[in-house]
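See structure below.
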Amino acid sequence: MNKQLRKAVIAGNWKMNNTPAEAAHLIEEIRPLVANASCDVVVCVPFIDLHAAAKAAQGTTIRIGAQNCHWAQNGAFTGEISAPMLRAAGVTHVIIGHSERRTYFGETNGTVNRRVRAALDEGLNVILCVGESSEQRRQGVTDELVAMQVKIALDGVTEAELQRVIIAYEPIWAIGTGKTATAQQANAVCAVIRGAVAALYGTDCANKITIQYGGSMNAQNAAELLSQPDIDGGLIGGASLKAPDFAAIVTAADKG
Ligand code: PGA
(Lines give C-alpha, C1' and ligand atoms only; values in the text may rest on other atoms or scores of the structure.)
Protein backbone atom coordinates (compact mmCIF):
# COMPACT_ATOMS: atom_id res chain seq x y z
CA MET A 1 0.00 0.00 0.00
CA ASN A 2 2.69 2.47 1.03
CA LYS A 3 4.66 1.49 -2.03
CA GLN A 4 2.04 3.17 -4.19
CA LEU A 5 2.87 6.47 -2.54
CA ARG A 6 6.35 6.30 -3.98
CA LYS A 7 7.89 6.69 -7.39
CA ALA A 8 10.01 3.76 -8.50
CA VAL A 9 13.36 5.03 -9.78
CA ILE A 10 15.92 3.00 -11.69
CA ALA A 11 19.23 4.80 -12.02
CA GLY A 12 22.30 3.64 -13.87
CA ASN A 13 25.66 4.56 -12.39
CA TRP A 14 28.14 4.28 -15.22
CA LYS A 15 31.08 5.16 -12.96
CA MET A 16 34.25 5.84 -15.01
CA ASN A 17 33.05 4.20 -18.20
CA ASN A 18 32.25 5.42 -21.72
CA THR A 19 33.52 8.27 -23.87
CA PRO A 20 31.01 10.91 -25.05
CA ALA A 21 30.48 9.02 -28.32
CA GLU A 22 29.97 5.74 -26.45
CA ALA A 23 27.58 7.47 -24.06
CA ALA A 24 25.43 8.75 -26.92
CA HIS A 25 25.42 5.30 -28.49
CA LEU A 26 24.41 3.53 -25.28
CA ILE A 27 21.60 6.01 -24.61
CA GLU A 28 20.36 5.54 -28.17
CA GLU A 29 20.26 1.80 -27.49
CA ILE A 30 18.43 2.28 -24.19
CA ARG A 31 15.87 4.77 -25.57
CA PRO A 32 13.47 2.44 -27.38
CA LEU A 33 13.76 -0.21 -24.68
CA VAL A 34 12.50 2.08 -21.90
CA ALA A 35 10.13 4.24 -23.96
CA ASN A 36 7.06 2.87 -22.19
CA ALA A 37 8.51 2.68 -18.69
CA SER A 38 6.29 3.92 -15.90
CA CYS A 39 9.15 4.19 -13.41
CA ASP A 40 11.65 7.06 -13.57
CA VAL A 41 14.78 6.18 -15.54
CA VAL A 42 18.01 8.04 -14.84
CA VAL A 43 21.51 7.51 -16.21
CA CYS A 44 24.38 8.95 -14.20
CA VAL A 45 27.31 9.46 -16.51
CA PRO A 46 30.87 10.81 -16.20
CA PHE A 47 31.07 14.63 -16.28
CA ILE A 48 32.69 14.65 -19.69
CA ASP A 49 29.73 12.69 -21.13
CA LEU A 50 26.99 14.94 -19.76
CA HIS A 51 26.56 17.05 -22.86
CA ALA A 52 26.41 14.11 -25.27
CA ALA A 53 24.14 12.18 -22.92
CA ALA A 54 21.71 15.07 -22.49
CA LYS A 55 21.56 15.48 -26.26
CA ALA A 56 20.94 11.78 -26.84
CA ALA A 57 18.18 11.74 -24.22
CA GLN A 58 16.42 14.84 -25.56
CA GLY A 59 12.72 14.33 -26.18
CA THR A 60 12.63 11.18 -24.03
CA THR A 61 11.76 10.59 -20.40
CA ILE A 62 15.33 9.45 -19.64
CA ARG A 63 16.87 11.80 -17.08
CA ILE A 64 20.58 12.56 -16.94
CA GLY A 65 22.50 12.46 -13.70
CA ALA A 66 26.04 13.22 -12.58
CA GLN A 67 28.07 11.20 -10.09
CA ASN A 68 29.12 13.97 -7.69
CA CYS A 69 29.13 17.72 -7.22
CA HIS A 70 31.07 20.20 -5.13
CA TRP A 71 29.49 22.23 -2.33
CA ALA A 72 30.65 25.62 -3.57
CA GLN A 73 29.06 27.34 -6.55
CA ASN A 74 32.45 28.20 -8.02
CA GLY A 75 35.98 28.99 -6.92
CA ALA A 76 39.47 27.58 -6.47
CA PHE A 77 38.66 23.86 -6.34
CA THR A 78 40.79 22.29 -9.03
CA GLY A 79 39.18 19.27 -10.65
CA GLU A 80 35.76 19.79 -9.11
CA ILE A 81 32.37 20.50 -10.72
CA SER A 82 29.64 22.61 -9.11
CA ALA A 83 25.88 22.11 -8.93
CA PRO A 84 25.13 25.19 -11.10
CA MET A 85 27.46 23.75 -13.77
CA LEU A 86 25.56 20.48 -13.67
CA ARG A 87 22.24 22.20 -14.00
CA ALA A 88 23.48 24.20 -16.96
CA ALA A 89 24.54 20.93 -18.60
CA GLY A 90 20.99 19.55 -18.46
CA VAL A 91 21.46 17.41 -15.37
CA THR A 92 18.45 16.65 -13.17
CA HIS A 93 19.97 14.16 -10.70
CA VAL A 94 23.27 13.79 -8.89
CA ILE A 95 24.67 10.87 -6.94
CA ILE A 96 26.22 12.00 -3.67
CA GLY A 97 28.20 10.02 -1.12
CA HIS A 98 28.82 6.92 -3.21
CA SER A 99 31.00 4.51 -1.25
CA GLU A 100 33.70 4.74 -3.92
CA ARG A 101 33.86 8.50 -3.26
CA ARG A 102 33.94 7.87 0.48
CA THR A 103 36.56 5.12 0.25
CA TYR A 104 38.94 6.39 -2.46
CA PHE A 105 38.44 10.16 -2.35
CA GLY A 106 38.11 10.99 1.30
CA GLU A 107 34.42 11.91 1.38
CA THR A 108 33.06 12.15 4.90
CA ASN A 109 29.53 12.40 6.23
CA GLY A 110 30.25 16.11 6.65
CA THR A 111 31.29 16.73 3.04
CA VAL A 112 28.43 14.54 1.83
CA ASN A 113 26.03 16.82 3.72
CA ARG A 114 27.56 19.94 2.19
CA ARG A 115 27.28 18.46 -1.31
CA VAL A 116 23.68 17.40 -0.70
CA ARG A 117 22.80 20.91 0.41
CA ALA A 118 24.48 22.46 -2.63
CA ALA A 119 22.70 20.15 -5.05
CA LEU A 120 19.31 20.80 -3.45
CA ASP A 121 19.94 24.56 -3.45
CA GLU A 122 20.40 24.32 -7.19
CA GLY A 123 17.11 22.48 -7.68
CA LEU A 124 18.70 19.12 -8.45
CA ASN A 125 17.46 15.72 -7.30
CA VAL A 126 19.91 13.90 -5.06
CA ILE A 127 20.64 10.19 -4.98
CA LEU A 128 22.22 9.87 -1.55
CA CYS A 129 24.23 6.67 -1.06
CA VAL A 130 24.70 4.96 2.29
CA GLY A 131 25.87 1.50 3.25
CA GLU A 132 28.13 -0.62 5.41
CA SER A 133 31.33 -2.57 4.77
CA SER A 134 31.48 -6.33 5.35
CA GLU A 135 33.47 -5.67 8.53
CA GLN A 136 30.80 -3.31 9.85
CA ARG A 137 28.10 -5.87 9.03
CA ARG A 138 30.09 -8.51 10.89
CA GLN A 139 30.40 -6.16 13.85
CA GLY A 140 26.62 -5.73 13.90
CA VAL A 141 26.61 -1.95 13.43
CA THR A 142 24.86 -1.77 10.04
CA ASP A 143 21.61 -0.28 11.30
CA GLU A 144 23.22 2.39 13.47
CA LEU A 145 25.72 3.23 10.76
CA VAL A 146 23.22 3.76 7.93
CA ALA A 147 20.91 5.71 10.26
CA MET A 148 23.83 7.97 11.17
CA GLN A 149 24.87 8.42 7.53
CA VAL A 150 21.30 9.40 6.65
CA LYS A 151 20.96 11.75 9.60
CA ILE A 152 24.18 13.64 8.95
CA ALA A 153 23.67 13.79 5.17
CA LEU A 154 20.21 15.31 5.65
CA ASP A 155 21.27 17.83 8.30
CA GLY A 156 19.62 21.14 7.38
CA VAL A 157 17.49 19.63 4.60
CA THR A 158 13.89 20.83 4.84
CA GLU A 159 10.80 18.69 4.45
CA ALA A 160 10.10 20.35 1.09
CA GLU A 161 13.65 19.64 -0.11
CA LEU A 162 13.38 16.03 1.02
CA GLN A 163 10.96 15.44 -1.85
CA ARG A 164 13.97 15.74 -4.15
CA VAL A 165 16.03 13.20 -2.24
CA ILE A 166 16.28 9.52 -3.12
CA ILE A 167 18.27 7.32 -0.75
CA ALA A 168 20.25 4.40 -2.15
CA TYR A 169 21.17 1.62 0.23
CA GLU A 170 24.38 0.14 -1.13
CA PRO A 171 26.19 -2.40 1.04
CA ILE A 172 29.85 -1.92 0.09
CA TRP A 173 30.45 -5.68 0.07
CA ALA A 174 27.83 -6.09 -2.67
CA ILE A 175 29.10 -3.39 -5.03
CA GLY A 176 30.75 -4.74 -8.15
CA THR A 177 31.30 -8.08 -6.47
CA GLY A 178 28.43 -10.11 -7.91
CA LYS A 179 27.54 -10.83 -4.28
CA THR A 180 24.06 -9.32 -3.92
CA ALA A 181 22.41 -8.84 -0.55
CA THR A 182 19.47 -11.20 -0.22
CA ALA A 183 16.12 -9.53 -0.82
CA GLN A 184 15.39 -9.89 2.91
CA GLN A 185 18.73 -8.36 3.98
CA ALA A 186 18.31 -5.47 1.55
CA ASN A 187 14.72 -4.83 2.54
CA ALA A 188 15.55 -4.90 6.25
CA VAL A 189 18.13 -2.13 5.92
CA CYS A 190 15.89 -0.10 3.59
CA ALA A 191 13.25 -0.30 6.34
CA VAL A 192 15.83 0.95 8.88
CA ILE A 193 16.57 3.88 6.55
CA ARG A 194 12.86 4.63 6.25
CA GLY A 195 12.66 4.56 10.05
CA ALA A 196 15.55 7.03 10.29
CA VAL A 197 13.72 9.35 7.88
CA ALA A 198 10.52 8.94 9.92
CA ALA A 199 12.40 9.93 13.09
CA LEU A 200 13.59 13.11 11.38
CA TYR A 201 10.58 14.12 9.28
CA GLY A 202 7.63 11.99 10.42
CA THR A 203 5.99 8.91 8.91
CA ASP A 204 4.20 10.72 6.08
CA CYS A 205 7.51 11.89 4.62
CA ALA A 206 9.10 8.51 5.28
CA ASN A 207 6.30 6.74 3.42
CA LYS A 208 6.87 8.97 0.41
CA ILE A 209 10.65 8.79 0.07
CA THR A 210 12.06 6.56 -2.63
CA ILE A 211 14.67 4.12 -1.32
CA GLN A 212 16.77 2.20 -3.80
CA TYR A 213 18.90 -0.86 -3.38
CA GLY A 214 22.28 -0.97 -5.12
CA GLY A 215 24.98 -3.64 -5.25
CA SER A 216 25.21 -6.20 -8.04
CA MET A 217 21.57 -5.76 -9.01
CA ASN A 218 21.10 -7.34 -12.42
CA ALA A 219 18.51 -8.57 -14.90
CA GLN A 220 18.22 -11.87 -13.01
CA ASN A 221 17.87 -10.73 -9.41
CA ALA A 222 16.09 -7.38 -9.91
CA ALA A 223 12.51 -8.67 -9.79
CA GLU A 224 12.91 -10.27 -6.38
CA LEU A 225 14.69 -7.27 -4.87
CA LEU A 226 12.23 -4.76 -6.35
CA SER A 227 9.20 -6.70 -5.12
CA GLN A 228 10.23 -6.06 -1.51
CA PRO A 229 7.97 -3.64 0.37
CA ASP A 230 10.68 -1.10 1.24
CA ILE A 231 12.73 -1.26 -1.97
CA ASP A 232 11.45 1.29 -4.48
CA GLY A 233 14.13 1.17 -7.12
CA GLY A 234 17.72 0.39 -7.90
CA LEU A 235 21.08 2.07 -8.40
CA ILE A 236 22.76 -0.09 -11.00
CA GLY A 237 26.48 -0.15 -11.78
CA GLY A 238 27.80 -2.92 -14.02
CA ALA A 239 24.43 -3.98 -15.44
CA SER A 240 23.63 -0.40 -16.50
CA LEU A 241 26.38 -0.55 -19.11
CA LYS A 242 24.42 -3.06 -21.22
CA ALA A 243 21.18 -1.70 -22.69
CA PRO A 244 19.17 -4.97 -22.59
CA ASP A 245 20.17 -5.69 -18.98
CA PHE A 246 19.37 -2.16 -17.84
CA ALA A 247 16.03 -2.27 -19.68
CA ALA A 248 15.18 -5.61 -18.06
CA ILE A 249 15.67 -4.02 -14.63
CA VAL A 250 13.42 -1.11 -15.64
CA THR A 251 10.76 -3.63 -16.66
CA ALA A 252 11.15 -5.42 -13.33
CA ALA A 253 10.66 -2.11 -11.50
CA ASP A 254 7.46 -1.45 -13.44
CA LYS A 255 6.15 -4.79 -12.22
CA GLY A 256 7.57 -4.47 -8.66
P1 PGA B 1 27.19 -2.56 -9.13
O2 PGA B 1 27.38 -1.04 -8.63
O3 PGA B 1 25.77 -2.67 -9.64
O4 PGA B 1 28.20 -2.72 -10.23
O5 PGA B 1 27.44 -3.45 -7.97
C6 PGA B 1 26.34 -0.37 -7.95
C7 PGA B 1 26.83 1.00 -7.53
O8 PGA B 1 28.01 1.12 -7.15
O9 PGA B 1 26.07 1.97 -7.57
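In the stretch 87-98, the count of residues that are within 24 Å of Gly234 (Cβ to Cβ) and part of a helix (DSSP H, G or I) is zero.
A Cβ distance below 9 Å, combined with a sequence gap of six or more or placement on separate chains, defines the contacts here; from the stretch 96-119, residues that are aromatic (Phe, Trp, Tyr) reach residues that are assigned to a loop (DSSP other than H, G, I, E, B) and within 14 Å of the ligand (Cβ to nearest atom) in the pairs Phe105/Asn68. When you check Ile167 against the structure, is it more than 19 Å from Ala35 (Cα to Cα) and in a strand (DSSP E or B), yes or no? Yes; evaluated as a whole, the condition is true for this residue. Scanning the stretch 1-45 for residues that are farther than 29 Å from Lys208 by Cα and within 16 Å of the ligand (Cβ to nearest atom) yields a count of 4. Take the conditions (1) on the phi > 0 side of the Ramachandran plot; (2) assigned to a strand (DSSP E or B); Gly156 misses just one of them, which is (2).
For the stretch 224-256, the set of residues classified as in contact (Cβ under 8 Å) with a residue 60 or more places away in the chain, surrounded by 23 or more Cβ atoms within 10 Å (Cβ to Cβ) and assigned to a helix (DSSP H, G or I) consists of Leu226, Ser240, Phe246, Ile249, Val250, Ala253, listed by residue number. Looking across the stretch 170-211, the residues that are among the β-branched types (Val, Ile, Thr) and either in contact (Cβ under 8 Å) with a residue 24 or more places away in the chain or not in a loop (DSSP other than H, G, I, E, B) (or both) come down to Ile172, Ile175, Thr177, Thr180, Val189, Val192, Ile193, Val197, Thr203, Ile209, Thr210, Ile211. Scoring Met217 on the criteria (1) within 16 Å of the ligand (Cβ to nearest atom); (2) buried (at least 22 other Cβ atoms within 10 Å of the Cβ); (3) touching a residue at least 40 places away in the same chain (Cβ under 8 Å); (4) within 29 Å of Arg87 (Cα to Cα) leaves a single failure, condition (3). Screening Ala206 on (1) modelled with pLDDT under 95; (2) away from the ligand (no atom under 16 Å from the Cβ) shows it passes everything except condition (1).
Annotation: Gln67 fulfils all but one of (1) closer than 17 Å to Gly12 by Cβ; (2) under 19 Å from the mean Cα position of the chain (by Cα); (3) away from the ligand (no atom under 16 Å from the Cβ); the unmet one is (3). Taking only the stretch 186-206 into account, find how many residues are among the polar types (S, T, N, Q) and crowded, with 16+ Cβ neighbours inside 10 Å. So the answer is 1. Considering only residues in the stretch 164-191 that are of a type in the set (Ser, Thr, Tyr) and within 11 Å of the ligand (Cβ to nearest atom), the one that is nearest to Glu224 (Cα to Cα) turns out to be Thr180.
The values are calculated or read from the model by the stated rules, or taken from the named source; none is laboratory data. Since the model is a prediction, treat every value here as computed from it, not as a measurement. A quick note on method: Cβ atoms are made from the backbone with ideal geometry, for glycine too, and the neighbour counts reach across all protein chains shown.
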